[in-house]
Every structure is written in C-alpha cells, then in structure tokens.
1. Please determine, by comparing only the residues of segment 81-110 that are of a type in the set (Val, Ile, Thr) and touching a strand residue (DSSP E or B) at 6+ places or on another chain (Cβ under 7 Å), which one is nearest to Val14 (Cα to Cα).
2. Are any residues in segment 78-93 crowded, with 19+ Cβ neighbours inside 10 Å and out of contact with any Ser or Thr (no Cβ under 7 Å at 6 or more places or on another chain), and if so, which ones?
3. Looking at segment 43-64, is at least one residue open to solvent by 70 Å² or more (accessible area, probe 1.4 Å), more than 20 Å from the chain's Cα centre (by Cα) and more than 23 Å from Gly25 (Cα to Cα)?
4. Is it the case that Gln113 is modelled with pLDDT under 95, open to solvent by 20 Å² or more (accessible area, probe 1.4 Å), over 15 Å from Ile129 (Cβ atoms) and not hydrophobic (A, V, I, L, M, F, W, C)?
5. Search segment 1-46 for residues being acidic (Asp, Glu) and more than 15 Å from Ile80 (Cα to Cα), and hand back the single one that is modelled with the lowest pLDDT.
6. Please go through segment 143-165 and pick out each residue that is in contact with a Pro (Cβ under 8 Å, 6 or more places away or on another chain) and under 19 Å from Pro214 (Cα atoms).
7. Does segment 214-227 include one or more residues that are hydrophobic (A, V, I, L, M, F, W, C), part of a loop (DSSP other than H, G, I, E, B) and out of contact with any strand residue (DSSP E or B) (no Cβ under 7 Å at 6 or more places or on another chain)?
8. Just for segment 173-182: of the residues that are over 24 Å from His134 (Cα atoms), out of contact with any Gly (no Cβ under 9 Å at 6 or more places or on another chain) and of a type outside the set (A, V, I, L, M), which one is most open to solvent (accessible area, probe 1.4 Å)?
Amino acid sequence: MTTSDHIVRDHKPVTLLGGGEVFEGDIGAALALAPTCVAADSGAALALAAGVDLAAVIGDFDSAPAEVLARIPSERCHRIAEQESTDFDKALTRIDAPLVLGVGFTGARLDHQLAAFNTLAAYPDRPCILLGAHEIVLLAPPRITLPTKAGDVVSLMPLAPVTGRSRGLEWPIDGLQFAPGGRVGTSNRALGPVALEMDGPDMLLILPRRLMAPLAAQLLRPDHAQWPARA
C-alpha cells in the first residue's frame, strides 16, 4: 500500500463505520472526536440511517444494498474488487489520518470481529481504536500511559509471541512471555494509572469504553511512540 492508494486524507482523526453491532450513542461519540466519516461497505447503510454525511464508501460492495449506494454520490463510492482482504482492511489501509475510530467492527459476526483484530496487528503503523459495547480495543503501542482508575479492567491479548513491562497493574507483566495458545492477560486490574511498554506490535489492549477520548488524545500527541509499518 502506497500513499497513492489513499482515498481519504485528513489531518484530524477519521470515523470508520462497519456493519457490526452499533449501540445508541456510538456514532455520536466517535464523530465528536473524529468528524470525517467513512463507511466500509455495509457501514454505508448505518451512516445514512443516522443522517451522517460520508466522505467515502470503501469496500467490495457485496453487502451494501444497491439502494443505499444509489443515495451516495458515485465519486464517493470506491469499489475494491479483490477478495484477499476484508472491507475493514480495504478501508483502513486507504485512510491517511493520524487516528481512526472504528464503529461497527465488534459484536455481530465473530469471524468479522476476529478479522478486524487481525487487521489491527497487520497495520501497526495505522493507529485505530475499535469501539465496542463496553470496551475499546486497540493494538498496544510501544509505550503508553493509561488514565485508568483503581479497579478498572485492563486486558492484554497476544496475537503473536510478545513481551512487555508494566507499572500500576495488580499483576505486573514484567518477565512474562505472552503468546496465542499460551499465556494471556485477560482481566488484569489497574491500581490507578497504568504505564505499559511492549516489545513488539502484537498485543491487543482492551480497556473500559469511557477511556476512548483521553486515549485518543494521547495517541494524537506528536511525541507519542508509534510502531513502524511491518516489513
């Protein structure tokens, strides 16, 4: 993927809508932080139902109803015909923005949700927060300080072997080897603010939903540590 493949470019965060579960207030919460809105295929129907203006619709268009696409200017509809990637993948990789907030990529079909998590790990250089019913999900950056409170659940789910360090967790992760099929870090708890350092771009971070805005603000800081693109 090169810069010439980008369809949407914005110096501010972008909201990306998918066809998964969406709850009352989700779209408004995302748009308050990321006012430009893009739909991944069937997410276009969600946008129109909510009265949201779309900068683009991106996908293979196998799930967006024809009558929905007919209501969107043709120059904003970008069909990516290949079937080697998901619509979330197609859309995320064609957005050039400092942060993407994904709504409608959790819940509903489990295979779609797992595929979205895989895409987060495939493109660690593209910061993205997925909004769920009760939690947010993102790929843990190299370093981050979480504005958690005592008792908040902080879950760590490895997508490949990875190690790291922590401060402020009830069960520190220093010296632990995380891996799929091995050790995972579900249901850890914060003692207060939590600092994390990861040694690779392979750990999903699952946090209380109310942390979306402060976490987004931290990811947008110019001094924020970010992973490079995978080779």
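1. Restricting to residues being of a type in the set (Val, Ile, Thr) and touching a strand residue (DSSP E or B) at 6+ places or on another chain (Cβ under 7 Å), the top hit is Val100.
2. Scanning segment 78-93 gives Ile80, Asp87, Lys90, Ala91, Thr93.
3. yes
4. no
5. Among those that are acidic (Asp, Glu) and more than 15 Å from Ile80 (Cα to Cα), it is Glu24.
6. Thr145, Leu146, Pro147, Thr148, Asp152, Val153
7. Yes, segment 214-227 has at least one match.
8. Gln177
The values are calculated or read from the model by the stated rules, or taken from the named source; none is laboratory data. What you see is a predicted model; the values in this text were computed from it and never measured. When we count neighbours, we look across all protein chains shown, and the Cβ atoms used for this are built from the backbone with ideal geometry, even at glycine. Heavy atoms of the whole protein, side chains included, go into the accessibility calculation; ligands, DNA and RNA do not. Shrake-Rupley method; radii C 1.70, N 1.55, O 1.52, S 1.80 Å.
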